[in-house]
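What follows is a set of notes on a single structure, which appears directly below.
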Amino acid sequence: MSKSLKRVKQALEEAGLDVDVLEMADGTRTAAEAAAAAGCALDQIAKSIIFRGETSGAAVLFVTAGGNQVDAKKASAVAGEPLGKADAGLIRAQTGFAIGGVAPIGHLNPIRAWWDPRLSEFETVYAAAGTPRHIFPINPNALQKMAGAIVADFVS
């Protein structure tokens, strides 16, 4: 089992949640792939979108519904600083995850996070579990709390 997957499972256990992490036969690198693999609606996929804070230099996380797009201008306003593209090195250093498997929980280092309210409209959402082939189902309110994500309007 990868270190990334272990961190996600550990975070779920420490939160007292009995969640089955699912290994999918097909990849789950994109929201569309994850929704097809899980057999759920596209918006039930909790995407972890990482930007680089241009002032702070730190990675910032936006957890959004699979069908939504993060609006860079709105996201920058929410974050309180201009945002730019986060490269693979920053993402790996801050979260411990590789692009295509970034989980909203289980990060190596604390990260500022925001939450798309669309996700809270579902009973269950699915999020990446640290690898491009693993996802987990979870109640969106539990996931938001675990991620320490603040509800905000940052989608277009």
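Note on the chain: with charges restricted to the Cβ of Lys and Arg (+1) and Asp and Glu (-1), its dipole about the Cα centre is near 500 debye. Using a 7 Å offset from Cα along Cα-Cβ at ASP20, what residues in segment 34-61 end up with backbone N under 14 Å from the label point? Hits in segment 34-61 for ASP20 at 14 Å: 38-39.
Here's the picture: charge each Lys and Arg Cβ at +1 and each Asp and Glu Cβ at -1 in the chain, and of ALA88, HIS107, PRO137 the one pushed furthest to the positive end of that dipole is ALA88.
Placing +1 on the Cβ of every Lys and Arg and -1 on the Cβ of every Asp and Glu, with no other charges, gives segment 10-50 a dipole of roughly 260 debye about its Cα centre.
Expressed as a rounded percentage, what relative contact order does segment 13-125 have, with Cα pairs under 8 Å and six or more residues apart? Before the final figure, lay out each step's value.
Values: 167 pairs, mean separation 28.5, N = 113.
Answer for segment 13-125 is 25 percent.
If both residues of a DSSP beta bridge must be in the chain, then about 65% of such bridges are antiparallel.
Take the Cβ atoms of ALA36 and GLU121, set R0 to 25 Å, and the FRET efficiency comes out at 0.75. By the helix-only formula, in which each DSSP H run with n ≥ 4 contributes -39500 (n - 2.57) and the sum is divided by residues, the chain has a 222 nm mean residue ellipticity of -8000 deg cm²/dmol.
In segment 25-86, the portion of solvent-accessible area held by carbon and sulfur atoms comes to 51 percent [1.4 Å probe, whole percent, DNA, RNA and ligands not counted].
Note on segment 1-134: the C-alpha convex hull projects to 7.8 nm² when averaged across all orientations. Roughly how many debye, to the nearest 20, is the charge dipole of segment 31-103 about its Cα centre, given +1 on each Lys and Arg Cβ, -1 on each Asp and Glu Cβ, and no other charges? With only Lys, Arg, Asp and Glu charged at Cβ, the dipole is about 80 debye. Counting only protein chain heavy atoms and rolling a 1.4 Å probe, the accessible areas of LEU108, LEU119, LEU42 rank, largest first, as LEU108, LEU42, LEU119. Accessible area per residue for the chain, computed on protein heavy atoms with a 1.4 Å probe, is 48 Å².
The values are calculated or read from the model by the stated rules, or taken from the named source; none is laboratory data. Keep in mind that what you see is a predicted model, and the values were worked out from it rather than measured. Reconstructed Cβ throughout: ideal geometry from the backbone, glycine too, with neighbour counts over all protein chains shown. Surface accessibility is based on the protein's heavy atoms, side chains included, excluding ligands, DNA and RNA. Shrake-Rupley method; radii C 1.70, N 1.55, O 1.52, S 1.80 Å.
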